[in-house]
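The values are calculated or read from the model by the stated rules, or taken from the named source; none is laboratory data. Bear in mind the structure is a predicted one, so any value in this text is a computation, not a measurement. Note that we place each Cβ from the backbone using ideal geometry, even for glycine, and neighbour counts take in every protein chain shown.
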Amino acid sequence: MDAAGRNYGSHMENEQAKPIFSPPASLVTPGASLQGQPAAAEEDEGLALGEIIAVLMDYRWLIAAICLFALLLGVAWVFVSKPTYRADGLLQVEEKSSGVGSLKALQPLLGDDTTVSAELEILSSRMILGRVVSKLKLDLVAAPRTFPLIGGAFFRRHQGEDVSSPWLGLSSFAWGGERIQIDSLDVPPDALDERHILIAGEEGGFELRDGDGQIVLHGKVGVRAKENNGYSAFVAQLKARPGTQFRVIKLSAEAATSDLRARYSVRERGKKSGVLELSLLGPDAQEIGLVLDDILNTYVRQNVERRSAEAEKTLKFLETQLPALKTQVDSAEAAYNNYRQTRGSLDLNIETQGILKSLVDVENAAVLLKQERDELRQRFTPEHPRIQAVDNKLQRLNERRKQFEADVARLPDTQQTVLRLARDVEVSTKLYTELLNTAQQLRVSKAGTVGDVRVIDTAVVARAPVGAKPIAILGVALLLGLLLSLVVIWLLRSLRVVVEDPETIEAQLGLPVYATVPHSSNEIELTRRLRSGGGSELLAVAFPQEDAVESLRGLRTTLHFALLDAQRNSLLITGPSPGLGKSFISKNLGAVLAQVDKRVVIVDADLRRGHIHKEFGIERSVGISEYVAGHASLDDILKRSPVDNLWLVTTGQIPPNPSELLMHQRFGELLNELSARFDSVIVDAPPVLAVSDSAIIGRHVGATLMIARAGKHPIRELEQAVKRLSQAGVQVKGFVFNDLNVSRQRYRYGYKGYVYRYSYKS
């Protein structure tokens with residue numbers, strides 16, 4: 001030690017130990033501002049919004065990374081997803097009516113009017129879709145096998161007629177230009193709906209393998225191949241490199257129809273409009289257009305066939321009745337003529353002619369109603385309302401006929417007989433003539449039958465694929481990435497509840513926070529420079545206007561008042577766990593104390609990992625270990641730092657028993673000697689929860705400060721550290737909140753933040 005130091009040390013030995021600071025009594029303002037609870041913060045929407053913004057700013061890089069990842073997934077999806085095209089067409093369902101006006105009387109015989117709901121079901125039935133599947137061979141699936149995920153994208157984007165070269169030697173996959181056309185394929189029943197692999201060979205040859213990889217068929221393009229195992233196929237076209245594989249599936253009728261129905265939809269445009277819109281989705285625009293057109297044509301064709309079948313059924317019924325009616329007409333005419341020849345010419349008076357006409361009309365109507373009832377009974381039960389209505393009409397006709405028969409009974413016998421015979425002739429002739437005309441009209445109608453549906457618009461395929469556009473997909477991907485990042489942030493904060501601001505410490509532990517030290521990028525740069533061998537320099541010396549240094553000056557002033565009642569001028573600085581910045585606070589606090597002409601010594605009491613000597617560019621050499629062991633004196637272990645008025649006591653050689661060494665009587669004597677020689681003694685101790693060293697050292701110092709780092713530990717950890725020291729008889733004076741993100745606090749608290757920036761302008 002130099003002469004000035006020795007003189008100052010002897011001067012201090014003659015004086016009573018005093019606190020670190022000695023302010024006037026008038027400046028001491030004890031109260032709740034240091035030891036009590038902090039003032040309640042305003043709880044308003046601005047604070048909540050600021051908290052959200054602050055959290056988002058803390059995790060901004062995580063949000064950006066997740067959003068970028070989601071955006072890349074969206075780009076990949078746009079690249080690999082298959083385009084889906086849509087074909088649509090229009091049908092009109094018309095009211096069912098007879099094609100010939102004279103046939104309207106037969107409308108009840110031809111069935112009810114067509115309903116739209118029924119036609120909707122017919123359009124989606126297996127009767128229609130099954131015919132389309134069979135005609136267009138939709139039960140046969142044959143496509144090149146592409147590389148998973150990305151192979152399909154390359155295949156679709158291939159240009160030209162030539163087959164693309166394989167990527168990375170993967171010749172079994174199709175990369176573009178490969179084509180196959182299978183006109184027919186027969187497989188055993190148990191092989192339906194199973195995936196087969198067709199492998200192209202040399203000179204148009206091929207082989208077909210089942211799901212187990214067994215060869216089930218050999219063949220050549222253009223020649224029907226058949227095996228005794230139930231397999232046969234006719235490959236019309238095969239363009240591929242030898243070894244290229246194709247997926248081949250023979251679907252069952254049910255599976256093929258279900259697949260078609262899954263991509264197919266039909267709905268009515270407008271309520272009771274009778275206009276049906278059909279649509280079909282698929283990856284092949286040309287194919288879906290052909291399929292939808294065939295659905296339209298098949299439906300119209302079956303509708304015409306149905307109408308024609310109804311007319312033919314009615315015609316057959318009439319043709320069975322006509323011969324009997326013709327015989328009845330001939331018999332009636334013969335009987336009437338014979339009677340007149342026998343009795344001579346007989347004329348009917350006007351009254352009798354009227355009765356005859358009425359009887360003929362009644363008889364004809366009754367015959368037609370009986371025919372209608374016979375037709376209806378083939379489709380309905382006798383209790384059906386339509387049959388009941390026909391029976392009621394027949395009952396009324398019978399009552400009228402009885403009345404006319406009563407009128408006839410009053411006539412003379414000759415007139416009655418002539419009337420009866422003339423009636424039979426008139427009824428039979430009229431009925432026969434009407435049925436004959438009806439049969440002829442039905443023949444004409446059958447020949448020119450037109451269905452009650454018509455195609456308005458044939459199938460048209462949209463040029464652009466349906467579904468979300470690439471820009472929309474990327475937008476959705478970005479939105480989902482943002483939502484996912486928010487969920488991840490919420491999970492992280494839920495699983496790891498850490499102290500984010502000093503208010504939490506003051507509210508939960510009831511201990512004051514003497515200083516809030518903001519994050520310093522310059523300190524990071526100085527540390528990096530030190531580790532790379534670029535020299536050592538303190539932040540308080542290199543950047544005296546740094547916000548963190550200014551906060552330490554505030555801590556210096558706070559300690560000036562807060563530690564007036566301390567019996568010793570020594571200060572222990574520790575923390576609950578490693579990596580909190582204890583050494584940073586210790587060395588820079590010592591520097592700012594030395595800058596006000598205070599003699600300060602920093603004691604590196606971390607006998608396990610002490611490294612403060614590196615910060616000052618001083619060798620560890622002789623230190624605490626040698627002093628306690630009695631191998632060195634105080635003057636031997638005191639080392640002057642590059643900062644004026646600042647000394648350093650290093651750890652010395654790392655001992656095998658640090659705790660036992662600190663419990664030695666000479667360690668207490670060392671701290672007492674340092675307190676006598678210096679104005680301030682700062683002891684940098686190990687973490688509280690890791691080892692017991694801090695509890696041992698704390699009994700020899702005047703005050704203890706705990707270091708807490710923003711966002712590094714939960715409040716429970718700080719509580720346990722304080723409790724651990726309290727159980728050892730060491731009371732924590734307060735906290736220093738280190739590494740606070742100033743930008744985050746600006747969003748969170750606005751003008752009420754903990755850190756203010758105030759500097760001179762030159």
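Points worth noting:
- Checking the stated criteria, residue 636 turns out to be surrounded by 14 or more Cβ atoms within 10 Å (Cβ to Cβ) and either part of a helix (DSSP H, G or I) or in contact with a helix residue (DSSP H, G or I) (Cβ under 7 Å, 6 or more places away or on another chain) (or both).
- Within the range 561-591, tally of residues that are crowded, with 18+ Cβ neighbours inside 10 Å and part of a helix (DSSP H, G or I): 11
- Taking the range 233-242 as the range and being surrounded by 16 or more Cβ atoms within 10 Å (Cβ to Cβ), assigned to a strand (DSSP E or B) and small (Gly, Ala, Ser) as the test, only 233 passes.
- When residues in the range 518-539 are screened for being among the hydrophobic types (A, V, I, L, M, F, W, C), touching a residue at least 60 places away in the same chain (Cβ under 8 Å) and in a helix (DSSP H, G or I), 1 of them pass.
- Answer from 151, 169 - the residue that is modelled with pLDDT under 85 and either outside the structural domain of residue 238 (by TED's automatic domain parsing) or of a type in the set (Phe, Trp, Tyr) (or both): 151
- Cβ pairs under 7 Å, 6+ apart, first in the range 40-64 and over 16 Å from residue 488 (Cα atoms), second modelled with pLDDT of 80 or more: 41/503
- Residue count for the range 55-75, restricted to those that are of a type in the set (A, V, I, L, M, F, W, C) and touching a Leu at 6+ places or on another chain (Cβ under 8 Å): 6
- Pairs where the first residue, in the range 243-259, is in the same structural domain as residue 205 (by TED's automatic domain parsing) and part of a helix (DSSP H, G or I) and the second is among the charged types (D, E, K, R) and surrounded by fewer than 23 Cβ atoms within 10 Å (Cβ to Cβ), C-beta under 6 Å, 6+ apart: 255/193; 256/139; 257/126
- Test result for residue 183, in contact with a Leu (Cβ under 8 Å, 6 or more places away or on another chain) and under 30 Å from residue 299 (Cβ atoms): no
- Note on the range 260-288: residues that are under 29 Å from the mean Cα position of the chain (by Cα) and either assigned to a strand (DSSP E or B) or surrounded by fewer than 19 Cβ atoms within 10 Å (Cβ to Cβ) (or both) total 14.
- Considering each residue of the range 604-614 in turn, at least one proves to be touching a strand residue (DSSP E or B) at 6+ places or on another chain (Cβ under 6 Å) and outside any loop (DSSP other than H, G, I, E, B).
- Checklist (1) crowded, with 17+ Cβ neighbours inside 10 Å; (2) farther than 25 Å from residue 135 by Cα; (3) more than 38 Å from the chain's Cα centre (by Cα); (4) without any contact (Cβ under 8 Å) to a residue 40 or more places away in the chain applied to residue 219, failing item: (2)
- Considering the range 141-212, the qualifying strands (runs of 3 or more DSSP E), each wholly inside and each with 3 or more residues that are surrounded by 13 or more Cβ atoms within 10 Å (Cβ to Cβ) and touching a residue at least 24 places away in the same chain (Cβ under 8 Å), run over 179-186, 195-200.
- Scope the range 291-310; condition more than 20 Å from residue 120 (Cβ to Cβ) and surrounded by 15 or more Cβ atoms within 10 Å (Cβ to Cβ); matching residues: 308, 310
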